[in-house]
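Novice: Quick one: the structure is below, questions incoming.
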Amino acid sequence: MPSLTRSPSLAALRRGLSVSWLTVVLIAAINTGIAGLLWIDDPRPFWHPFITAQCMGFSIAYCVNVASPWEKRRPVARLVLAVLVGAVAGMLLTSLLKGYTLADVRERSGTFALTVMTGFTTGLFVSLFFLLKFRESRAESALLKAEAERHLLSKQAIESELKLMQAQVEPHFLFNTLASVQYLTETNPPEASRLLGHLLHYLRAAVPQLRSSATTLGKEVDLAGAYLNVLKMRMGARLAFEIDVPPALANVPFPPVLLISLVENAIEHGLDARAEGGTVRIHAERNNGSVAVSVTDTGSGLAHGHSSAGNGRGLGLANVRERLAALYGTRARFTLEDVAPHGARATIEIPVEPA
């Protein structure tokens, strides 16, 4: 047998008393004001309308608090019913306090009914006012919450952009490349000249991106191609690459340095783990209202080479995810999957706004 203290009905009745002293004072003040208005046409002493207004007001307030229609379905219907019950209960309480008998109620039934209707109308008006204020406050709170989330996403976008920019011209990559140039200068000057040319091409493509907040897919592909040409000179036969991006997509807006992050990840966690190296392929295509850009490698796959990146949860790819979420919300998608017989494919799909 359930305990009375756990009864939902008893809990609701208790909830009706859960109000602050400020609310009690406010209700008493409103009731007193209503009593003053009623007293204008009432020849009896002031305490008569005062008791009636206080009994009606507090009974209605209690019933409304018990019903708590503010965040439930059909709040207005619940509010009307709660005010009606409160008005009737207030009239009964008034009769008890003033010592009215059943005979008095029968004799002056019209007056009592008018008092109930007046209390109901006034209580409903006041309650509707507070319901509207509550909804307004809730809407304002939701707006402030959405604004806070937007600012948080903007902050994440800036932080992700800074991290990606810092990784853009990686010192380790530059130092290794310059060391290779120095070595080739002594052993194979023509190759040193070619490698230096590829490095300059990469830097010309990369440095402007450090100051840019927007770019195009064509520029990002050019940057990735320059990067791969440098690595091709250093890795030799261990690296091959293909770029399959239709010219029609060259001017599509694309977030800076996201593509190069995928290429770097494919080299570092895919091909470097295999002695024989492999191939990196960049592919782009339009899918209705979006463009999908993928980087596929024939490396060790997610279970081996990419495991050091946490199966796609490493720092670089985490930045990619954060950046996409900050810029596009749920409209963008990032996937990382295994490719048979070995290798992995990372794909970014972003919406393309109509021209």
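Just so it is clear, none of the values below were taken in a lab; they were calculated from the coordinates. Everything numeric in this text was worked out from a predicted model, so none of it was measured. Neighbour counts run over all protein chains shown; Cβ positions are idealised from the backbone, glycine included.
Novice: Please give the FRET efficiency for residue 128 paired with residue 328, using the beta carbon to beta carbon distance and R0 = 41 Å, rounded to the nearest 0.05. Walk me through the numbers before you get to the answer.
Specialist: Numbers: r = 42 Å, r/R0 = 1.02.
It comes to 0.50.
Novice: Calculate the FRET efficiency for residue 290 and residue 235 from the Cβ-Cβ distance with a Förster distance of 22 Å, rounded to the nearest 0.05.
Specialist: So the FRET efficiency works out to roughly 0.10.
Novice: Take the alpha carbon atoms of the stretch 209-283, find their center, do the same for the stretch 61-127, and report the distance between the two centers in whole angstrom.
Specialist: Value for the Cα centre distance between the two parts: 75 Å.
Novice: Among residues other than residue 266 whose Cβ falls under 14 Å from its Cβ, what is the net charge (Lys/Arg +1, Asp/Glu -1)?
Specialist: Numbers: positive: 232, 238, 274, 281, 345; negative: 242, 264, 268, 272, 297, 337, 338.
Its environment carries a net charge of -2.
Novice: Simple spin-label model, 7 Å along Cα-to-Cβ: residue 42 to residue 243 in nm?
Specialist: 8.8 nm
Novice: Counting other C-beta atoms within 10 Å, which of 330, 94, 215, 121 has the fewest, and how do the rest follow?
Specialist: On the way: 330 7, 94 22, 215 19, 121 12.
Ascending Cβ contact count within 10 Å gives the list 330, 121, 215, 94.
Novice: If amide hydrogens are placed 1.01 Å from N in the peptide plane, which non-local residues have theirs closer than 5 Å to the one on residue 241?
Specialist: Under 5 Å from the amide H of residue 241 lie the amide H atoms of 280, each far enough along the sequence or on another chain.
Novice: Something else now. How much net charge surrounds residue 192 when only the other residues with a Cβ under 14 Å from the Cβ of residue 192 are counted, with Lys and Arg +1 and Asp and Glu -1? Can you show the working numbers first?
Specialist: Numbers: positive: 194, 234; negative: 186, 191.
Residues near residue 192 contribute 0 overall.
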